[in-house]
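This report refers to the structure that appears directly beneath it.
The values are calculated or read from the model by the stated rules, or taken from the named source; none is laboratory data. Because the structure is a prediction, the values reported are computed rather than measured. Backbone-built Cβ (ideal geometry, glycine too); neighbour counts: all protein chains shown.
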Amino acid sequence: MHRITVIGGGFAGLTAAITAAEAGAKVTVHEAHHTLGGRARTADGPYRTNDGPHALYNGGPHWSWLRRHDLIGPLAPLPPLEAARLRLRHRGALRRTPPFAMLKLLRRGVGPAPVETDFLTWAAGVAGEEGARAAAHYSAVALFHHDPGSLSAAFVQERLRRAAKLPPEAHYPRGGWSTVVDRMAALAWNLGVRIETLSRVDTLPTDAPVIVATSLDAARRLLDDPALTWPSGRTALVDLAVRTRRGDAFAVSDLDAPGWIERFTAQDGTLAPAGEQLIQGQIPLAPDESKADGTARAEELLDLGFPGWRERLTWRREAVAHGRTGAVDLPGTTWRDRPAVDRGGGVYLAGDQVASPGLLSEVSFNSALTAVSLALGRHELDLKHA
Ligand SMILES: Cc1cc2nc3c(=O)[nH]c(=O)nc-3n(C[C@H](O)[C@H](O)[C@H](O)COP(=O)(O)OP(=O)(O)OC[C@H]3O[C@@H](n4cnc5c(N)ncnc54)[C@H](O)[C@@H]3O)c2cc1C
């Protein structure tokens, strides 16, 4: 029987553990924190904020895998009336529909964008400068970068298309992502996976194979390999609760600069006490911008979409997520250029900044499957479980 050690009990580590155990391996997971889930944790309450992921995109490979394993649980559908309250800030004012020029980029006839060119240059050729900027800023909801226009056109186009798809790809596990994590952990236990929490690993175990399913920063330290780097975003996170007021926006997408604010109780009332609404915003920060700059931009969006929010405020929290929002690909690079899963000597990487395709947590999922199939020498696993 194969033995596999998984370091990290987030979405990647749990995916790897379940997949390896299903293939008959004896698996041990070491998680540094006292609970599982990593960035996919949800606060206990009364304001059930997600630390990281909110949306489960149903166009991704993880969706069908989670479904097949009965791990998604009940979803919180967005009522059509609330969906109609999506607002876009453009030229300083709120509007209901995207600028026409931006829509040009979403037409079927538009071919695949090039890898080598930056998105703004390519998109301006299709939709003009203003439409290109609006589209770049809209795509920030799925890439968390302060200047999406400067990234690879192919990379941004994929995210733009998926974020703008109708019906929307984004689905929301009722009660937050930790409900999915809890189900994954229960399945792992049932499959005989040994899970050790409060178990930080500082030295790589010598009895390979080992799957390092930490953030890339933590993997760099653990493997003592300075080559383990890849660009990511830096984003101000502004979470708040307000007393309910009819007519509040469901979400405000900033087309004048990257930024997104969403009222998550629109789809899931369990996330805040009765009579209150939970709003979470993410405002990507340029290298020279501070958290206060991000907060100020978030407040501009709140003023537009949630009138009187200051007087209705019941709770507030702010943070900055640095390098925690997944990989971004610069012009001339694709996911294939990121740090490889196979590090040699029976050590494999899984996580959202390594060489695997997909959007956000899908990269963690895909790399976890690849790591397991390489570790077990069973390449067909990818096909069987993806
Ligand atoms: C603000 C924000 C919003 C996001 N929104 C979305 C979204 O809407 N949809 C989406 O799909 N994705 C989203 N993401 C991305 C998603 O959160 C991540 O891609 C995913 O959670 C990463 O999972 P992971 O298991 O690869 O890494 P992590 O969640 O970071 O897990 C790594 C684990 O390893 C543990 N660890 C680290 N070092 C050690 C060590 N030495 N020993 C033992 N354990 C260790 C950590 O404690 C952690 O539990 C978002 C992220 C952020 C920050």
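Within segment 87-108, residues that are touching a residue at least 40 places away in the same chain (Cβ under 8 Å) and under 17 Å from I261 (Cα atoms) sit with their Cβ atoms under 6 Å from residues that are outside any loop (DSSP other than H, G, I, E, B) and of a type in the set (K, R), at 6+ positions apart or across chains, in these pairs: L88/R95; L94/R87.
Taken over segment 37-58, the criterion of being outside any helix (DSSP H, G or I), of a type in the set (D, E, K, R) and within 13 Å of the ligand (Cβ to nearest atom) is satisfied by R41, D51. Does R246 meet the test of being at pLDDT 95 or above, of a type in the set (D, E, K, R) and more than 20 Å from A93 (Cβ to Cβ)? No, not satisfied. All conditions in (1) surrounded by fewer than 23 Cβ atoms within 10 Å (Cβ to Cβ); (2) more than 12 Å from the ligand (Cβ to nearest atom); (3) closer than 15 Å to G37 by Cβ hold for I195, with the sole exception of (2). Just a yes or no: is a residue in segment 238-250 within 19 Å of the chain's Cα centre (by Cα) and not aliphatic (A, V, I, L, M)? Looking through segment 238-250, at least one residue is within 19 Å of the chain's Cα centre (by Cα) and not aliphatic (A, V, I, L, M). Out of everything in segment 319-346 that is without any contact (Cβ under 8 Å) to a residue 40 or more places away in the chain, of a type outside the set (D, E) and out of contact with any helix residue (DSSP H, G or I) (no Cβ under 8 Å at 6 or more places or on another chain), what residue ends up being farthest from N50 (Cα to Cα)? Selected residue: G344.
Within segment 6-17, residues that are on the phi > 0 side of the Ramachandran plot have Cβ atoms under 8 Å from residues that are surrounded by fewer than 24 Cβ atoms within 10 Å (Cβ to Cβ) and part of a strand (DSSP E or B) in these pairs: G8/H30, counting only partners at least 6 apart in sequence or on another chain. Counting the residues of segment 226-248 that are surrounded by 14 or more Cβ atoms within 10 Å (Cβ to Cβ) and out of contact with any strand residue (DSSP E or B) (no Cβ under 8 Å at 6 or more places or on another chain) gives 1.
Within this structure, T203 fails the test of being buried (at least 20 other Cβ atoms within 10 Å of the Cβ) and modelled with pLDDT of 95 or more. Within segment 198-219, the set of residues being in contact (Cβ under 8 Å) with a residue 24 or more places away in the chain, in a loop (DSSP other than H, G, I, E, B), within 9 Å of the ligand (Cβ to nearest atom) and of a type outside the set (G, A, S) comprises R200, V201, T214. Looking across A266, A219, one residue alone is surrounded by 22 or more Cβ atoms within 10 Å (Cβ to Cβ), within 19 Å of W177 (Cβ to Cβ) and small (G, A, S). It is A266.
Selection over segment 6-36 of residues that are within 11 Å of the ligand (Cβ to nearest atom), surrounded by fewer than 24 Cβ atoms within 10 Å (Cβ to Cβ) and part of a strand (DSSP E or B) gives a count of 1.
Within segment 356-370, if we keep just the residues that are in a helix (DSSP H, G or I) and free of Cβ contacts under 8 Å to residues at least 60 places away in the same chain, the residue that is farthest from the ligand (Cβ to nearest atom) turns out to be T370. Within segment 59-84, restricting attention to residues that are crowded, with 19+ Cβ neighbours inside 10 Å and within 24 Å of P258 (Cα to Cα), which residue is farthest from the ligand (Cβ to nearest atom)? Only one residue fits best here, namely L78.
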